[in-house]
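Notes follow once the structure below has been shown.
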Amino acid sequence: MESPRRRNVQPTRAEASCCSGTEVSGVTVESQHRPFRTLLRLYRGRRTRGEFGLPARSSRGTSTKVAGLRQGDVDWLLDLGFGVYQRIESGTQRPSVETFVRITDLLGFSEQHVRIAQLDLFGTEPPATAGAPSGRWQEMVDSHGEMAIAIDADGEIVAANSAFLEMAASAHQPAPQNWWRWTLLDQTARDNWLPLWEVAWAPRLLTDFMLASVRHPASGPLAAIRQAVRDDPMTQHILVADSGIGGQALPVRHRQWGTGRVQPLLAVATAATLITLPFIPDDHDAGLNASA
């Protein structure tokens, strides 16, 4: 039997009861010790048989029609076999990854709840879903006195504050458009703004880029950059580091602030990553004003 495709059904208020009679009104703090099982009951309680083309059933011993989706209905809709879903919901059987995806798709789990359920069940997170970053990212980076940018899933710089642009751009050098292209492939960045690029920056950047590529395997821009990195005579022979740039003290040269170090801080959100580059000046060089 074919797995039904997800319907565009907006969930109603969770007032329905699951078949055990337990009220399903939300996820409480007390229930969070078993998030996946709690979410199964929550979402099944929101669904009705009619949404899947099934008639309402008679309540046991009465003529009252009950519209709620039963555990056995999930078995039938997904062709799981008798009692399989009940064992999964009760926690006595662990579903395969394929069955997990089919169940959460059928019941209409939100993206955030899929992440919670997968972490609870398998200890891993699903790949992040790329989306359009909010226009508020510019306000966010502008609120930082340190260099700060926001990049989307493809590495495109969607917001950059003046402190970053004072380093990376000038009248003769356009502002970088893509973080990965600028840090990994731009010769001006390598030579002028990221000192010791080959030994300090590149190995850690390549580790972070590898993570971004795995998170977003369908990204065309990342695939193109990956090929450019393979073809570039400087990057193609550099080995990745054990960790990325986050928290590392890395040398940098700033047009206005001179030479020093930055300790990058990365905050990953759903649609964008905030990269902050706190600057620590070198004591012996507080005022280099580069003209490149």
How much accessible area per residue does segment 96-210 have, counting only protein heavy atoms and a probe of 1.4 Å, in square angstrom? 45
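For Gln93 and Val214, what is the calculated FRET efficiency with R₀ set at 30 Å and r taken between the beta-carbons, to the nearest 0.05? The partial results should precede the final answer.
Working: r = 30 Å, r/R0 = 0.99.
Efficiency for this residue pair is about 0.50.
Determine the share of segment 135-238's accessible area contributed by carbon and sulfur atoms, expressed in whole percent, with a 1.4 angstrom probe. Can you show the working numbers first?
Working: 2680 of 4860 Å².
Accessible surface attributable to carbon and sulfur in segment 135-238 totals 55 percent.
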I need the calculated FRET efficiency for the pair Gln263 and Thr124, taking r as the beta carbon distance and R₀ as 35 Å, to the nearest 0.05. 0.75
Accessible surface of Thr124 - all protein chains present, 1.4 Å probe, nearest 10 Å²: 70
Taking the convex hull of the alpha-carbon atoms of segment 167-292 and averaging its shadow over every direction gives an area in square nanometres of 8.1
For segment 131-177, compute the orientation-averaged projected area of the C-alpha convex hull (one quarter of its surface), in nm². 3.3
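How much of the pair distance distribution for segment 153-218 lies past 16 Å, counting alpha-carbon pairs only, in percent? Intermediate results must be reported in sequence, preceding the final value.
On the way: 1065 of 2145 pairs.
Percentage above 16 Å: 50.
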Which distance in nm do the two modelled labels at Ser170 and Ala56 give, with both placed 7 Å along the Cα-to-Cβ direction? 7.5
Pop a pseudo-label 7 angstrom from the Cα along the beta-carbon direction at both Glu111 and Ala223 and give the gap in nm to one decimal. 2.1
Run the 1.4 Å probe and let me know the accessible area of Ile280, rounded to the nearest 10 Å². 60
Could you tell me the largest-minus-smallest coordinate of the C-alpha atoms of segment 219-264 on each of the three principal axes, in descending order and whole angstroms? 35, 26, 23
A chain fully extended from Arg230 to Glu139 at 0.36 nm per residue, minus the present Cα-Cα distance, gains in nm 29.2 nm
Using alpha-carbon coordinates alone, the radius of gyration and Dmax of segment 86-201 in Å work out to 21.2, 66
Using a 1.4 Å probe, how large is the accessible area of Thr270, given in Å² and rounded to the nearest 10? 90
In nm², what is the average projected area of the convex hull enclosing the Cα atoms of segment 63-114? 4.5
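The values are calculated or read from the model by the stated rules, or taken from the named source; none is laboratory data. Since the model is a prediction, treat every value here as computed from it, not as a measurement. Don't worry about glycine lacking a Cβ; one is built from the backbone with ideal geometry, like all the others, and counts go over all protein chains shown. Heavy atoms of the whole protein, side chains included, go into the accessibility calculation; ligands, DNA and RNA do not. Shrake-Rupley method; radii C 1.70, N 1.55, O 1.52, S 1.80 Å.
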